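Each remark here refers to the structure printed beneath this line.
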Amino acid sequence: MARRRRRGANRSRVDARRRRRHRASQGRVGARRRAGGGGASRRVGIPPAAGWVRFWRSASWAEPAAAGAKEIGIEADSINDAAEEIIGFLKGPNTGDVIYFHGWDGLGASAVLRAVVERLTRPSSASASTAEGQGGGTRMEEVGVDKVIHIDCSEWRNMRALQRAIAEELKLPQRVFAIFDEQDEEDDYNGVEQGSRGVIPSVKEALYNELSSCRFLVVFHNGSCSYIDLWECGVPITGFMNKKVLWTTSQGRFHIRPEQGMTEESAGSSDVAIHMEADLDDKAIALDFLRRLLHIEAEEVAGLCPGHKNSMSPKVVLGCLLYRALRHEEYGIDWATHAANYWVCDGGILPVSGEDVIINGGASAWDTCDALHRNMNLEFDKGDAECLSEILLLSGEEWRRTSNRWVSATHQKFETEISVPPQATSFFYTATGRASASTTDDGKNAAVVATVMLKLEDSMFGHSDDGSNLQVLHLCYCTFSFSSPPFRRCRKLRFLLLHHCKNKDGAPVAAAAETSAANQDHLGSSAACCFQKSLWVLELSHTEWHWLLSEETLAQMDELRELHLKGVGFIKRLTNKCYGKNSQSSTLLLPNLTKLRLILETGVEDDIDEVDLSCSSILNTIQIINNAATSTKVERISLRGCTQMKNLHLMGPFLEVVELDLSGTQIETLDLLTTARDDYMRIRRLFLLGCEKLRAILWPQDKWIDLDVVLIDTTNHAEWSDMEGNSSKHEDHRPRNIICVRDARLFRSLQLVRISVGVCVQISSTRASQGINSSTRGDRGQQLTRRHANLYNTDHGIISTFKKSSEASGMTWWMWPCPRIPTEPEGSHCYIGIQDQPPTELLQQSTIQENRATTLPAFVSWDARTLHLHDSLSITSIPGPIPPTIQSRYYISWPDLMWCRLERCPNMEGSVFTAPPKDWDFYIFIYLETFWASQLPKARYIWDWSETGFRPQYDSFKDLVFLHLDCCPRLVHVLPLYDLNSKGCQSLETLEIVRCGELREVFPSDASESQQQGQPRKFPKLKRVHLYDLPKLQRICGRRMLAPNLETVKVKGCWGLKRLPAVGRRPRPAKEEEEEEEEAQALPEVDCEKDWWDSLEWDGEDAGHLPSHYRKRHSAYYKETRLRSSVLSYVFAYVFVTTVSSSGFQGNGACEPAAFISDFT
């Protein structure tokens, strides 16, 4: 029966110390005792043991862990008794807000908390006896709470995952989880690491509102490495209001002796710290108790792997634990990399066959062991390992028989010849250093560690003609004959690791490489059999064995799953392809390869210049780590067609990489943060075609990336997954730069990317079924060229059709076509496609939607010479909100833009172009010649400086020649022309604005009314003006403007406009009739309504502004009733132009659109 040491909620620190001293004097509680310590122990917390077992009571509990935590000791020798004792403690007064539970020195803590939850939430015995139909209560009432919130974050991810687990436990509305999903997606596109994702403020508020009015107990399994304050998640912990937390640390199981610092931090941040003790009679009882605790921990671990129930059991967990405990740090094992490999390949823990690694019809053996590895603590020191192994080995004959198959050796243990026993399935050997005295340069003695190399004899592995049962072989610092390795008869070998092994024959490395064929003959058929079908994992570290990595040998490793290379400098080209002697087609050398790890070391000169693992269909993980002080020589990395590849880890300087091709992979985040050095990165060609799951590219911080070729498509994976051929060939396709994205947020990863100067950019939306179609990838450039040509031909065709029907119908749209795109060199085009998707209803209700404005990549504004943006739902401004980490001049200068056309962008609102900041002192749009905007229903301004107070300098917009706008019903003004911008629009020749119902002024000025009475704003080259259906237009540019070369003015439906530009001409003396007629023909022609002409205001002869300076013409239909420029008229205009533009009309002079137009007229 469990006994509380003191009946009460807690005890004073003085009493705790007195009782511990008293028990120690009675021999009931010992200090930490090493193996060989004497005396049986009755009270375990955990108990000390004799030479057959060493366990301990954590030294951190000898005194209170910290001043703020009260220590409580509770006696119990089972999980159920401990749970009841905890509940009894919670019933008492003054238990504190935060209660830390340590279990039996770290063991069994999570199991006890689960038992507490199960008891508190099930109906109590008193409630079960209530009248039928009245319902029953739970034991929560006994501890004074209304809810028990059980949060298991043993496998720690981040604070947001913890917050979500709380929300799920409380069953919050679905809209809350939509916020989680959307914020996670936002962080994916922002490249935020999983471990750095914090809580969401709006969810924190929702949790607080849910819990503020109720009493609750949070039972929390904390898998992080630190104390977690649940207030940060929105859980209001207040003990006096019965809002409490009972928690334990569960960061990997089998933390038998947590590090003292972590224990102090955990307990010290809590109000109360509870640990368990047990009264045990003798060593047999103590051993059984310890074994049961380990079994309970194993059950906990098995329960944390729900997807592997068919293959996971406590026995499997304990087997893996024992395998680890028998090999401590002396053997130099990389458990983080190879734990699952050892467990699977040995075959004694998870029995699998060479043909099928799927066990019990469930998950694969590797998936099972990976899940196990994530939930276990394998960071043992030598004492921990010895303790665990002794407990298990003394627990039964089965574990002793199992451990006999796992043999480990160091040089000190085997001074004589080593012989691997026939039953061995795993063999580990490492040589250790021996210290010897030496003299340093300053005359002082120093110890030098010399590595001892063990010579392996030919007979050490041979037990029969069929070889041994050996399946895992780990050799460090050994010498043996590379031409006849002693393990050549190990036909069942699955795992081979060779670290710093040398050829005892002493053959030169180069000679060994040149005689690989001779080596093969020397080895014979028996040597090849261990590599042919059985090997699953191979690691070669600082071992120059050329034959092992030759094409002939690799071709025999049909089942090889993982290849690890470290400090191997003799490889020129790392590839997974094998070409026939008389064939250009290739086959995969390692068809079952799933993981490749390549580590380049200092002091080992590597010659690898290319990594080509393309079309390795099941390869999913690649790690290339450069630990050397200098950059690698790798120039090209191609993983094209690796359809299962999710993880690419490039670490260290890769300054020579010119081309990176990940087309057709499943990669989500491409991390290139550490690949540059000293602001230098050479990469010039980037291929990410068919990467549907791509969310972010992490470039070196604050470094501009200059690329020559960019091919990115995340919209149509199926079309690119089976692409063949060398990616470098695609640089000849036109356009050479294509960016098609499923979500415009991917542009955030391209903020630092720049493309060759003078690029022609086209941006539009794509549909889910579109993307870069594989059937057209060869002639994509020709398609885009024809697309551009069709746009201009359509303009000419529509205009010619209008001219034929306008006189009869009164319909007027535009009179002059958009100038053709400037001719650019081949290959300088860039197509950007955005697969727009309307937001869901839940997303529209969330606050995150406000931050989803699209920002185009910096090269669009910095490098673009032409820009054609059309049919986009996601772009709201150009280039969009400026990232705070980037210099804004790269986003808003537009230093090379000459031609810009924007059309059919229904969500572009406010100012079309992002305004520079007030202190901006660079010129903007200095080379812009053509601007065309059509069907922007929400746009209020094309350019607007009022929000930031910016003033353009005098050269801005000096080259603007052609300005056209139509169907922008909410547009207020176009371009402010201030006094500082004295050369603005000095080259303007054509001004055409159609159906912009809210337009008040085309070029607003900052000059006062009195200033406008003086010198007019000059437009020296303006020739053509067309203003149609602008009912609210009051001015073109201020009160007065001068256009001395004006030729044509066409104005209709602009009843608020009262002034025409002055032309600065005065009547001359009477001349001959013929001369007068010629002079009249030279006057600018004004086509307008008669009533409007009669209402115009004139400045008089002195100002050169008289009706006689114009040649007026009144159309016969000027009084015809028409739709005002309203939303209805805009809808009509949008439907008309969209239908004509998408009807396939080629503008070849045919009259197909005429019938369509007549339907509307």
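Taking the numbered list (1) over 27 Å from S419 (Cα atoms); (2) modelled with pLDDT under 50 in turn, S525 passes all entries but (1). Restricting attention to segment 660-688 and to residues that are charged (D, E, K, R) and buried (at least 20 other Cβ atoms within 10 Å of the Cβ), the residue that is nearest to the chain's Cα centre (by Cα) turns out to be D661.
To keep it simple, each residue is scored yes or no on (1) closer than 28 Å to R253 by Cα; (2) of a type in the set (V, I, T); (3) within 28 Å of the chain's Cα centre (by Cα).
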{"position": "I179", "(1), (2), (3)": "no, yes, yes"}
{"position": "D188", "(1), (2), (3)": "no, no, yes"}
{"position": "R197", "(1), (2), (3)": "yes, no, yes"}
{"position": "N209", "(1), (2), (3)": "no, no, no"}
{"position": "S224", "(1), (2), (3)": "yes, no, yes"}
{"position": "L230", "(1), (2), (3)": "yes, no, yes"}
{"position": "V235", "(1), (2), (3)": "yes, yes, no"}
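Applying the set (1) modelled with pLDDT of 75 or more; (2) in a loop (DSSP other than H, G, I, E, B); (3) farther than 18 Å from T553 by Cβ; (4) open to solvent by less than 20 Å² (accessible area, probe 1.4 Å) to H474 leaves exactly one unmet item: (2). Consider segment 998-1022 and keep the residues that are open to solvent by 60 Å² or more (accessible area, probe 1.4 Å) and in contact with a strand residue (DSSP E or B) (Cβ under 7 Å, 6 or more places away or on another chain). The one that is modelled with the highest pLDDT is R1000. Right, K244: in a strand (DSSP E or B), out of contact with any His (no Cβ under 6 Å at 6 or more places or on another chain) and either modelled with pLDDT of 80 or more or closer than 27 Å to M159 by Cβ (or both) or not? So K244 passes the test. Each residue in segment 932-948 was checked for being part of a strand (DSSP E or B), among the charged types (D, E, K, R) and either without any contact (Cβ under 8 Å) to a residue 24 or more places away in the chain or under 12 Å from N907 (Cβ atoms) (or both), and 0 pass.
Scanning segment 387-398 for residues that are assigned to a helix (DSSP H, G or I) and surrounded by fewer than 18 Cβ atoms within 10 Å (Cβ to Cβ) returns E397, E398.
Exactly one residue out of V192, V235, V219, V199 is touching a residue at least 12 places away in the same chain (Cβ under 8 Å), of a type in the set (A, V, I, L, M, F, W, C) and open to solvent by 20 Å² or more (accessible area, probe 1.4 Å), and it is V199. Scoring I274 on the criteria (1) open to solvent by less than 20 Å² (accessible area, probe 1.4 Å); (2) at pLDDT below 85; (3) touching a strand residue (DSSP E or B) at 6+ places or on another chain (Cβ under 8 Å); (4) outside any loop (DSSP other than H, G, I, E, B) leaves a single failure, condition (2).
Of the residues making up segment 361-382, those that are assigned to a helix (DSSP H, G or I) and open to solvent by less than 20 Å² (accessible area, probe 1.4 Å) are A365, W366, T368, C369, A371, L372.
One line per residue, one yes/no per condition, for (1) open to solvent by 10 Å² or more (accessible area, probe 1.4 Å); (2) assigned to a strand (DSSP E or B); (3) in contact with a Lys or Arg (Cβ under 8 Å, 6 or more places away or on another chain):
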| site | (1), (2), (3) |
| --- | --- |
| E559 | yes, no, yes |
| V568 | no, no, no |
| P591 | yes, no, no |
| C615 | yes, no, yes |
| I637 | no, yes, no |
| T643 | yes, no, no |
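Scanning segment 71-89 for residues that are at pLDDT below 90 and either out of contact with any Leu (no Cβ under 8 Å at 6 or more places or on another chain) or under 18 Å from H221 (Cα atoms) (or both) yields E71, I72, G73, I74, E75, A76, S78. Restricted to segment 954-971, and to residues there that are open to solvent by 10 Å² or more (accessible area, probe 1.4 Å) and more than 41 Å from the chain's Cα centre (by Cα), the residue that is farthest from S872 (Cα to Cα) is Y954. Residues in segment 621-633 that are surrounded by 19 or more Cβ atoms within 10 Å (Cβ to Cβ) and either in contact with a helix residue (DSSP H, G or I) (Cβ under 8 Å, 6 or more places away or on another chain) or at pLDDT 85 or above (or both): I622, I624, N626. Among the conditions (1) over 20 Å from F495 (Cβ atoms); (2) at pLDDT below 75; (3) in contact with a Ser or Thr (Cβ under 9 Å, 6 or more places away or on another chain), the only one that F380 does not satisfy is (3). Once segment 934-950 is narrowed to residues that are more than 13 Å from V974 (Cα to Cα) and of a type in the set (D, E, K, R), the residue that is least open to solvent (accessible area, probe 1.4 Å) is K938.
The values are calculated or read from the model by the stated rules, or taken from the named source; none is laboratory data. None of these values were measured; they are calculated from a predicted model. Cβ sites come from the backbone with ideal geometry, for glycine too, and all protein chains shown count toward neighbours. In case anyone asks, the SASA skips ligands and DNA or RNA and just uses the protein heavy atoms, side chains included. Shrake-Rupley method; radii C 1.70, N 1.55, O 1.52, S 1.80 Å.
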